[in-house]
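The values are calculated or read from the model by the stated rules, or taken from the named source; none is laboratory data. All of these numbers come straight from a predicted model, not from anything done at the bench. Glycine gets a Cβ as well: all are built from the backbone with ideal geometry, and neighbour counts include every protein chain shown. Heavy atoms of the whole protein, side chains included, go into the accessibility calculation; ligands, DNA and RNA do not. Shrake-Rupley method; radii C 1.70, N 1.55, O 1.52, S 1.80 Å.
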Amino acid sequence: MTANGHSETPFITPADALLIIDMQVDFMPGGELGVAGADGVVPLINRLSELPFGLIAATQDWHPSDHVSFDMQGGPWPEHCVAGTKGAALVPDLAQAHIGVVLRKGMRPDTDSYSAFEDNARTSRTGLDGLLRGRGINRVFVVGVALDYCVAATARDAVRAGFATVVLTDACRSVAQSVAAMQAGLVSEGVETAHAVDLLALM
Ligand code: VGL
Ligand code: ZN
């Protein structure tokens, strides 16, 4: 890793996994919790999914209609990604041919779950860490939305679980924070950052 936290020549092998976070209709512009520019990263993620990752996992935020995170329940977010609704579906343009597993999170009414590994209260785990380890994965690349919430939480937990962790910042979009602001915090927590376009150019 270089001084600015950018990883060098991260060639993809079967010991690498791609974690595609919450690329769902409700997080796209026009959706219930639209993230600016989120639709623009779909082509990049689709190209990444052609690389020889050992596993590609996608997550879905998948809430009950009375979820604690919704503003009508006193939470911070508008109602979004209600289980089984069109808004909770993966973006139709997202290529699914190489996605090996889809993990749903935030399903309990009383707890939110930003990370793909475990809920915010750290009471229940998805099993993703064991799945990755069982496949011989030692490094994960994280893409999707939102960089400042679910992508960041997933990357931090991946470091905590012992994986080398790279956030591909050009394949992410934020709700509020700039990439530069997020990057400084993540790098200080042991997360590397790189650009998907550079990785694709190397392969
Ligand atoms: C997310 C806010 C609420 C995310 C999910 O995917 O980052 N953000 N639920
Ligand atoms: Zn949510």
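For the stretch 113-203, the Stokes-Einstein estimate of translational diffusion at 25 °C and a viscosity of 0.890 mPa s comes to 184 µm²/s, using the Kirkwood hydrodynamic radius over alpha-carbon pairs.
Counting only protein heavy atoms and a probe of 1.4 Å, the accessible surface of the chain is 53% carbon and sulfur. Eigenvalues of the alpha-carbon gyration tensor of the chain, scaled by 5 and square-rooted, set the equivalent ellipsoid semi-axes at 25, 17, 17 angstrom, largest first. Stretched out straight at 0.36 nm per residue, the stretch from Ala176 to Phe11 would grow longer than its current Cα-Cα span by 56.3 nm. Over the chain, accessible surface divided per residue gives 42 Å², non-protein components excluded, 1.4 Å probe.
Nearest 10 degrees is fine. How inclined is helix 179-188 to the longest principal axis of the chain, computing both from alpha carbons? Tilt of helix 179-188: around 70 degrees. Here the sum of -39500 (n - 2.57) over DSSP H runs of 4 or more residues, divided by the residues of the chain, equals -5500 deg cm²/dmol at 222 nm, to the nearest 500. Site pair Asp71 and Asp93 shows an inter-label distance of 2.7 nm when each label is modelled 7 Å from Cα along Cα→Cβ. With the cut-off at 1.5 for a/c, could you classify the stretch 24-128 from its C-alpha gyration tensor as rounded, prolate or oblate? The shape class here is oblate. If the label point is 7 Å along Cα→Cβ of Ala121, which residues in the stretch 136-174 have backbone nitrogen under 17 Å from it? Output list for this probe position: empty.
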